[in-house]
1. Return P(r) of segment 106-188 (all Cα-Cα pairs; 10 Å bins starting at 0; whole %; ordered from short to long distances).
2. Just how many % of Cα pairs in the chain lie over 29 Å apart, if you round to the nearest whole percent?
3. For segment 106-188, what is the relative contact order in percent, using Cα pairs closer than 8 Å and at least 6 residues apart in sequence?
4. Measuring from centroid to centroid over Cα atoms, what is the spacing of segment 166-187 and segment 120-153 in Å?
5. Hey, what angle do you get for helix 55-65 against the long axis of the chain, alpha-carbon based, 0 to 90 degrees rounded to 10?
6. Filter the GluC sites (Glu not before Pro) in segment 111-158 to those in DSSP coil with at most 14 other Cβ atoms within 10 Å of their Cβ, and list the result.
7. Mean residue ellipticity at 222 nm from the helices of the chain, using -39,500 (n - 2.57) per DSSP H segment of n ≥ 4 over the full residue count, to the nearest 500 deg cm²/dmol?
8. Residues with beta-carbon under 13 Å from that of Thr41, excluding Thr41: net charge, scoring Lys, Arg +1 and Asp, Glu -1?
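Values in this text are rule-based calculations from the coordinates and carry no lab data. Note that the structure is predicted; figures quoted are calculated from it, not measured. Here the Cβ positions follow ideal geometry from the backbone for every residue, glycine too, while neighbour counts run over all protein chains shown.
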Amino acid sequence: MTTKTARAIDRFREAAAAEGLLDVAYASADSPFGPLLLAATPRGLVRIGLPNQDSEALLEELAAKVSPRVLEAPAQLDQARRELDRYFAGGLRQFELPLDWSLSHGFRLRVLEGIATIPYGETRTYTEVATGAGNPRAVRAAGSACGSNPIPLVVPCHRVLRQSGALGGYAGGLEMKESLLELEAERAQT
């Protein structure tokens, strides 16, 4: 791509955002686990795709569930990338990003809002999360909410474990979940 073409694309992105024609901006971000897909609406971060997830499928989902006006606009996600970089480097314990919860509803939303309050370096059980969301018997539904979390890492579903202390599942894979918990446990002690 020529410099002239790149500038034209940048102007198009800026104009689309200024005119309110950009409903979902997306960009990629590096992580210790591989590339992440980040997507935001004017309300906030709406989706994080993990390295093992299909970015094209996630963008199609956003187009279907949020808006067909989806455009790569990296500048719109600078704050998210900076905060994730700081988190992975150990310098950020609580994200300050505005979030767009539009991909979650009802009990799942209550579960995810509860998970968002789990402090750095701590864990909760699926039972505790279900209870906090108002239904202590809905442990499987709480697990399902974790599995469908559209904003992992920022909404730290990796901090939710089975009653026995076993890891349970994680959309990014158990190795990633274990690594995130170890990273936080080490840094929480300092």
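1. 20, 59, 20, 1
2. Values: 4346 of 17955 pairs.
The answer is 24 percent, as a whole percent.
3. Working: 106 pairs, mean separation 26.7, N = 83.
It rounds to 32 percent for segment 106-188.
4. Here the two parts' Cα centres lie 15 Å apart.
5. Value to nearest ten degrees: 90.
6. Numbers: sites: Glu113, Glu122, Glu128; in loops: Glu122.
Sites meeting the loop and neighbour criteria: Glu122.
7. Values: 7 runs with 79 residues, N = 190.
Calculated at 222 nm, the ellipticity per residue is -12500 deg cm²/dmol.
8. On the way: positive: Arg43, Arg47, Lys65, Arg69; negative: Asp23, Asp100.
Local charge sum for Thr41: +2.
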